[in-house]
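First the structure, in the form of structure tokens, and then the observations on it.
Every read-out reported here was derived from the displayed coordinates using simple, explicitly stated rules and does not represent laboratory data. Just so we're clear, the structure is a prediction, and the values are computed from it rather than from any experiment. Backbone-built Cβ (ideal geometry, glycine too); neighbour counts: all protein chains shown.
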Amino acid sequence: MKTNNKQEEGFIKIILIIIIVVVILSVLNIDIRGLVESESFQNNFSYLREAGSSIWSWLVQVWGTYLKEPVTAFVGYIQKMLEK
């Protein structure tokens, strides 16, 4: 069965990669549940979530304050140039 949709192909590749990683971890005798439920993993994941949230908030603020108008104007200029 051949798919023409690139998104479907990408999704299938991601699923296959996840399955392969799980099989490799199983062969290496690594307990995924124990790893995910460990306190250090939870702390690290919490830190990454907080840092990501802070960075995202900063990016939204920078976009709205400094970049939105110039980028919008530039894109409009490029669109006008391409219409000619």
(request) Report the one residue of Gly64, Tyr77, Ile30 whose Cα lies farthest in the direction of the positive end of the charge dipole of the chain (charges on C-beta: Lys and Arg +1, Asp and Glu -1; origin at the Cα centre). (result) Tyr77
(message) Give me the one-decimal nm value for the distance between modelled label points at Asn43 and Lys6, 7 Å along each residue's Cα-to-Cβ direction.
(response) 4.3
(request) Return one number: the angle in degrees, 0 to 90 and rounded to the nearest 10, between the long axis of the Cα atoms of helix 6-27 and the longest principal axis of the Cα atoms of the chain. (result) 30
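By how many nm would the segment from Tyr66 to Val36 grow when fully extended, if each residue of separation counts as 0.36 nm and the alpha-carbon distance is taken off?
Details: separation 30, 0.36 × 30 = 10.80 nm, distance 3.96 nm.
Once the chain is fully extended between Tyr66 and Val36, it gains 6.8 nm.
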(message) I'd like the Kirkwood hydrodynamic radius of the stretch 1-77, using the inverse of the mean 1/r over distinct C-alpha pairs, in Å.
(response) 17.0
(request) Quote the charge dipole size of the chain about the Cα centre in Debye, to the nearest 20; the model charges only the Cβ of Lys and Arg (+1) and of Asp and Glu (-1). (result) 440
(message) Expected output is a single nm value to one decimal: the length gained when fully extending between Ile15 and Val75, i.e. 0.36 nm times separation in residues minus the C-alpha distance. What is it?
(response) 17.9 nm
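Given the rule -39500 (n - 2.57) for each run of at least 4 DSSP H residues, summed and divided by the residues of the chain, what is its mean residue ellipticity at 222 nm, to the nearest 500 deg cm²/dmol? Spell out each step's value before the answer.
Working: 4 runs with 68 residues, N = 84.
Estimated from H runs of four or more residues: -27000 deg cm²/dmol.
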